[in-house]
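To start, the structure under review is shown below, and the notes come after it.
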Amino acid sequence: MPVIPLRNGGPAARIAVIPGDGIGAEVTPQAVKVLKAVAAPCKRAMEFVEFDWSADKYLREGVSLPPGAVEMLRDEFDAILFGALGDPRVPSNQHAADILLGLRFKLDLYVNARPVELLQDRLTPLRDRTEKDIRMMVFRENTEGLYVGVGGFFKKDTTDEIAVQEDVNSRKGVERIIRFAFEYARKNGLKRVCMSDKSNAMTFAHDLWQRVFKQVRREYTDVDSHHLYIDTLAMEIVRDPSQFDVIVTCNLFGDIISDLGAQLAGGLGLAPSGNIHPGKTSLFEPVHGSAPNIAGKGIANPLGSVLTSAMMLEFLAWTPDATALRTAVRAALRENYVTPDLGGNKRTPEVGDWLAAKAVEALGQT
Ligand code: NAD
Ligand code: IPM
Ligand code: MN
C-alpha cells in the first residue's frame, strides 16, 4: 500500500525496540537484522535501543511500563519497533494492557494503519482472487472505543454479578480518524472510502460516527464514500474484496476486521501495522500476537515484522530502504524461502538472514 505520513526524512533515526513475549522476541531480531543490513548502504545512521518489557519482567519485578517510559520514548526516539505481548502466565493480560494499550493511548497514536495486501495469488484462501483484488488499507481508531478500560464490576463473584465496559467515543477522536482516512485516500489517488459501524444497534456511540462521517465526507466530494454496517462489511470483504480501497472503523471492529483481512492475504504471519500520530513518535508492530502455540520452536514467520519495518521506514521517509525490504519479502514468497505457515520449511533466523542479503542485493539494483 502507498506510503504513510512522514516523520522527518533526516539521515539518522533512533529506534526503540520492544520484542516482548513469545514469537515477538523471535521475529523482532530478524527485522532488526534486515534493517541494519540496509542502513549502511543507504547511508543511514540507525541506532537501536532494546527494552526488555515483557511478561518475564512483569512476573520477575512487577514492572510493566516503567515510570517515565512514555516521556523517554516521546522525547528520545523517532519510532518504536514492537513485537508482541501476551503470555499464558499472565491471564489478566495486565502487562500487555499497560505497555501496548498504554503506549497507544499515552503517545496518542490515533491511527492504527493495517494494510491488507495480497503479495502472491496462491496465498489467499479465496477462490479465483488475485493480487489486484486484495489491496486495501484498514484504518482502526486506536485511542478510544471499547478499549479505554472504563467500567467495573458490581457484586463480583456472586450470582448477581454485573460487569460494565463502556464504549467511549469523542467527537474529536471520531473526526480525526475519519478525516485521516479521507486525506489518505485523496493523497494516494484512492477512490473509495468505506466507514463501518454498528449504528443500528449502538444508537448513541455509533450515531456519533454517522453524524461525523456525513459532516466530513462533504469536504471530500472527490472521493467516493459509503457506509456499511460491520457485519455486512465482514461478509462483503470475503464476497468481493476488490470493492475496497480504504476502510475506517472503530477500535474493536478494526481489530477484528484486520485479522480477517490478514487471513485473506496469506495469514497473520504476513500482516504489518503502524500505530501512528502523524509527525510524532509512532509504534510499528506486526498484527499478530505472541503465538504461544508455536513460541520457542523457531518457526515463527518474520515476514510480518519485516513488512512492519518497511512501514516504519516509510514513516521516516526512507522510501528506497522500505522498497528494498518489500522486494526481499516478495522474493522470499516467490522462491518459497518461507516458514511452515506459508508452506515452506525454513526456520525463522534462516528467513531473516536470507531477507537481509536479498534486501541489500535489491538496493544494488535500484
Ligand atoms: P496470535 O496472533 O498470537 O496467534 C493466532 C494464530 O496465528 C496462532 O495459530 C499462531 O501460531 C498463528 N501465528 C501468529 N503469528 C504468526 C507468525 N508470525 N508465524 C506463524 N504463525 C503465526 O493470537 P492469539 O493466539 O489469539 O493470542 C496469543 C497472545 O498474543 C494473547 O496473549 C493475545 O492477547 C496476544 N496478542 C498480542 C498482540 C500484540 O501484542 N500486538 C496481538 C494479538 C494478540
Ligand atoms: C492487536 C491485539 C491487541 C488489540 C490486544 C493484544 C490488546 O489484538 O494489536 O491487534 O486488541 O488491539
Ligand atoms: Mn488483534
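Of note:
- Here the Karplus curve 6.51 cos²θ - 1.76 cosθ + 1.60, taken at θ = phi - 60°, turns the phi angles of region 13-18 into couplings of 8, 10, 10, 7, 10, 10 Hz, with x standing for Gly and Pro.
- Estimated FRET transfer efficiency (ARG122, ARG74; beta-carbon r; R0 45 Å; 0.05): 0.60
- Exposed-loop-free span, longest in the chain, where GluC sites (Glu not before Pro) count as exposed if DSSP calls them loop and at most 13 other C-beta atoms lie within 10 Å: 1-160
- Segment ASN200-LYS155, extension gain: residue separation times 0.36 nm, minus the distance between their alpha carbons: 13.1 nm
- Estimated at the nearest 10 Å², the accessible area of LEU101 is 40 Å² with a 1.4 Å probe.
- Amide H partners (placed H, <5 Å) of VAL17, local residues excluded: VAL49, GLU50, PHE51, LEU81
- Converting phi to 3J(HN,Hα) with the Karplus coefficients 6.51, -1.76 and 1.60 and the offset θ = phi - 60°, region 100-111 yields 6, 5, x, 5, 4, 6, 6, 8, 6, 7, 7, 9 Hz in sequence order, with x at every glycine or proline.
- Where trypsin sites (Lys or Arg not before Pro) fall in DSSP loop in region 108-174, at most 13 other Cβ within 10 Å: ARG127, LYS155, LYS156
- Computed from point charges on the beta carbon alone (+1 for Lys and Arg, -1 for Asp and Glu), the dipole magnitude for the chain about its Cα centre is near 860 Debye.
- Structure-based [θ]222 nm, the chain - -39500 (n - 2.57) summed over DSSP H runs of at least 4, per residue, nearest 500: -11500 deg cm²/dmol
- The spacing between region 268-302 and region 115-186, judged by their C-alpha centroids, is 16 Å.
- Among VAL63, VAL150, VAL168, the residue with the largest mean-square fluctuation in a Gaussian network model of the chain, with springs joining Cα atoms closer than 10 Å, is VAL150.
- Of the accessible area of region 87-206, computed with a 1.4 Å probe over protein heavy atoms only, carbon and sulfur atoms account for 53 percent.
- Scattering curve values for the chain, log₁₀ I(q)/I(0), Debye with Cα scatterers, q = 0.15 Å⁻¹: -1.41
- Cα gyration tensor category, rounded, prolate or oblate, for region 135-264 with a/c compared to 1.5: prolate
- Here the 3J(HN,Hα) profile of region 275-289, calculated from phi with Karplus coefficients 6.51, -1.76 and 1.60 at θ = phi - 60°, is 9, 10, 10, x, x, 10, 3, 10, 10, 10, 8, x, 5, 6, x Hz, Gly and Pro shown as x.
- Under the span-like rule (Cα at least 24 Å along the axis, Kyte-Doolittle mean at least -1.0), DSSP H helices of the chain: 348-364
- In percent, rounded to a whole number, the relative contact order of the chain is 25, using alpha-carbon pairs under 8 Å and six or more apart.
- Solvent-accessible area per residue, Å², over region 135-264 with all protein chains present [probe radius 1.4 Å]: 48 Å²
- Inter-part distance where region 27-75 and region 189-254 are each reduced to a Cα centre, Å: 35 Å
The values are calculated or read from the model by the stated rules, or taken from the named source; none is laboratory data. Remember, predicted model here, so these are calculated numbers, not experimental data. Neighbour counts are summed over all protein chains in view; Cβ atoms, including those assigned to glycine, are modelled from backbone coordinates with ideal geometry. To get the accessible areas, we keep the full protein, side chains included, count just its heavy atoms, and leave off ligands, DNA and RNA. Shrake-Rupley method; radii C 1.70, N 1.55, O 1.52, S 1.80 Å.
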